[in-house]
Each structure stands twice: as C-alpha cells, then as structure tokens.
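Contents: one structure, followed by commentary.
The values are calculated or read from the model by the stated rules, or taken from the named source; none is laboratory data. These figures come from a predicted structure and were not determined experimentally. Cβ sites come from the backbone with ideal geometry, for glycine too, and all protein chains shown count toward neighbours.
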C-alpha cells in the first residue's frame, strides 16, 4: 500500500508541475493570438510563423494539459450515474475506467504515434509553408509525451481507487478522476 500511495503522490506532483507550465503556455498562446489579430486587422500584416505558433501552442496546451485535467477531475464525462454513487462505488468506476479505457488507449496512442514522431525527427520536419516554423517535430513529440502523462495519471487514479476500495487512502491524492 505504501508503494501505491507513493506512486500516486509522485505522479500527481509531476502532473501538477506540468499543468502549471501549461498554464504559462496558455497565456503565451493568448498573447500571440492577440498580436496576430492586431497585425492582421489593424496593420494589414500577417505572419505564417505567428499563426503556426498559435496552433503549436494550442497543441502543447491540449496534449500536455490533459493529464493535469485528469488529475483535477475536470475532464468531460457523463455524470448522470457517477454523481449519485458512494465514494466506494466511484472508486470502482474509476479503477475500471482507468485500467480498461484510460491506460490502454493511452498506450495505443503512444505506440501508434512513435513511428510518426520518429519520422518527423529523422527529417527534422518543419512547416511546408514559406515563413512557417522550422521545428514541427517538437510539436509532434508532444503526442507520446502527453499520452504518457495521461497513462501515468490513469495508473495513479487506479492506485488511488484501489487504496480507497481497500480503505487505506485519503481522497485528495492521485486525482479523483
């Protein structure tokens, strides 16, 4: 039980830190979008690099922020039945969901994205558009990294749920997810 608790706390700590970095990426993305809009509509000037930077930042926010969202139980789900369940029932649903859906799907996405990412790195893929960003492979690397963090958080949820089921766990560790 001590190992499960330590694992859950470590993963929560990691995803909390990644989530905080992601908030800064969100702020940067908003600032870049405002600059892009001002350049285009006030000064009739635009930049492909600025537009690509916006969607690169969106990709980072989405991919790296998913585990943070899961940690804080802010992901989208249908709570019609779940919200009425006891903590014990929720723990069983969370354990099942993490082990049957979250972790296997994350592993599948990591597995299928690796060749895609390696190919991008092999050619040091950049934007096909003139004036675009030169390092698209960095963004593509966020796919397996983001889903690795989601898989870790899913395992942390499973550990937290198992501890809750066994009666040796506080509800504030490892996400409620």
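Tell me, yes or no, whether segment 101-110 has at least one residue that is over 17 Å from residue 157 (Cα atoms) and without any contact (Cβ under 8 Å) to a residue 24 or more places away in the chain.
yes
Test residue 89 against the criterion of being assigned to a loop (DSSP other than H, G, I, E, B) and over 20 Å from residue 15 (Cβ atoms), and give yes or no.
no
Yes/no matrix, rows are residues, columns are (1) at pLDDT 90 or above; (2) assigned to a helix (DSSP H, G or I); (3) more than 30 Å from residue 93 (Cβ to Cβ); (4) under 19 Å from the mean Cα position of the chain (by Cα):
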site: 31; (1), (2), (3), (4): yes, yes, yes, no
site: 58; (1), (2), (3), (4): yes, yes, yes, yes
site: 63; (1), (2), (3), (4): yes, yes, no, yes
site: 67; (1), (2), (3), (4): yes, yes, no, yes
site: 77; (1), (2), (3), (4): no, no, no, yes
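A quick yes/no check of all residues on (1) in a helix (DSSP H, G or I); (2) loosely packed, with under 15 Cβ neighbours inside 10 Å; (3) at negative phi:
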position: 80; (1), (2), (3): no, yes, yes
position: 83; (1), (2), (3): yes, yes, yes
position: 96; (1), (2), (3): yes, yes, yes
position: 100; (1), (2), (3): yes, yes, yes
position: 110; (1), (2), (3): yes, no, yes
position: 117; (1), (2), (3): yes, no, yes
position: 121; (1), (2), (3): yes, yes, yes
position: 130; (1), (2), (3): no, yes, yes
position: 134; (1), (2), (3): no, yes, yes
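Of the conditions (1) at pLDDT below 95; (2) surrounded by 12 or more Cβ atoms within 10 Å (Cβ to Cβ); (3) in a helix (DSSP H, G or I); (4) over 20 Å from the mean Cα position of the chain (by Cα), residue 139 clears all except one; give me its number.
Looking at each condition in turn, residue 139 falls short on (4).
Taking segment 41-56 only, how many residues are more than 17 Å from residue 128 (Cα to Cα), modelled with pLDDT under 90 and assigned to a helix (DSSP H, G or I)?
Total satisfying the criteria: 0.
With the requirement that a residue be without any contact (Cβ under 8 Å) to a residue 60 or more places away in the chain and either touching a helix residue (DSSP H, G or I) at 6+ places or on another chain (Cβ under 8 Å) or under 14 Å from residue 19 (Cα atoms) (or both), what does segment 69-89 give you?
Listed by number, the residues that qualify are 69, 74, 82, 85.
Could you look through segment 142-164, keep only residues that are at pLDDT 95 or above and over 14 Å from residue 97 (Cα atoms), and pick out the one that is surrounded by the fewest Cβ atoms within 10 Å (Cβ to Cβ)?
Per the stated criteria, the residue is 148.
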